[in-house]
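One structure below.
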Amino acid sequence: MSRISSLPSGLASLPHVAGGWQALRFDWQWQEEMTSSKKNIFLVGMMGSGKTSIGRALAERLSMTFIDTDIIIRERTQKSITKIFREWGEERFRELERSLLEEKARENNQVFSTGGGIVLDKNSRRILRDRGITVLLEASPRALALRIGNPTSRPLLKQAKDAKNHLAQIWKEREEAYRSVASLTVSTDEMTHDGAVELIIRHIRKSRENH
């Protein structure tokens, strides 16, 4: 598994999309290759790691469909994630995640932002490994706590006295499962969304060249 926390020098010198013909050629080439390969990209990681924001940017960059599993579950159940946890329990929520992932991953050419605990289900882990490329977005508990801010909308943090310590404990419990499905890990502590997108695209290109 690759782990990257900053842009390699060769890629850092490449202009951004709005900055020149090299970047545009890079984008067009990879939009075409990703569309033709039809591989899904799954973003996994802790709450607050940037899955939704980076996922939207990556999908737009590659002209792929963006799917946020939490948003779809909320729309289908007409309940917030917190309410689902409270009324139906975490086990039922994981079942909804797995069922949705199974349904949507049958299609191709999509970028998924997944729930933080999706890797806890063995069948979900199998889908993540088999149906595309999985990227782990990693961030320190301190960075996660700062991004999350008020934790009351996060069911697993609602009763926590110290969000940072509780996030560290959750990470400890999930780390092995995250790493078991990821072919790339990107540290987002000091990474911009654009920088993370560049790294993911570079990894996909390298992976295709090696195969």
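This table checks each residue for (1) buried (at least 20 other Cβ atoms within 10 Å of the Cβ); (2) closer than 20 Å to residue 173 by Cβ.
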{"position": "72", "(1), (2)": "no, no"}
{"position": "83", "(1), (2)": "no, no"}
{"position": "100", "(1), (2)": "yes, no"}
{"position": "115", "(1), (2)": "yes, yes"}
Take the stretch 188-211 and flag every residue that is of a type in the set (Gly, Ala, Ser) and more than 26 Å from residue 126 (Cβ to Cβ).
-> 195
Give just the number: which of (1) more than 23 Å from residue 196 (Cα to Cα); (2) surrounded by fewer than 15 Cβ atoms within 10 Å (Cβ to Cβ) does residue 63 not satisfy?
-> (1)
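No lab work stands behind these numbers, since they all come straight from the coordinates. Quick caveat, the model's predicted, so the values are computed rather than measured. Neighbour counts are summed over all protein chains in view; Cβ atoms, including those assigned to glycine, are modelled from backbone coordinates with ideal geometry.
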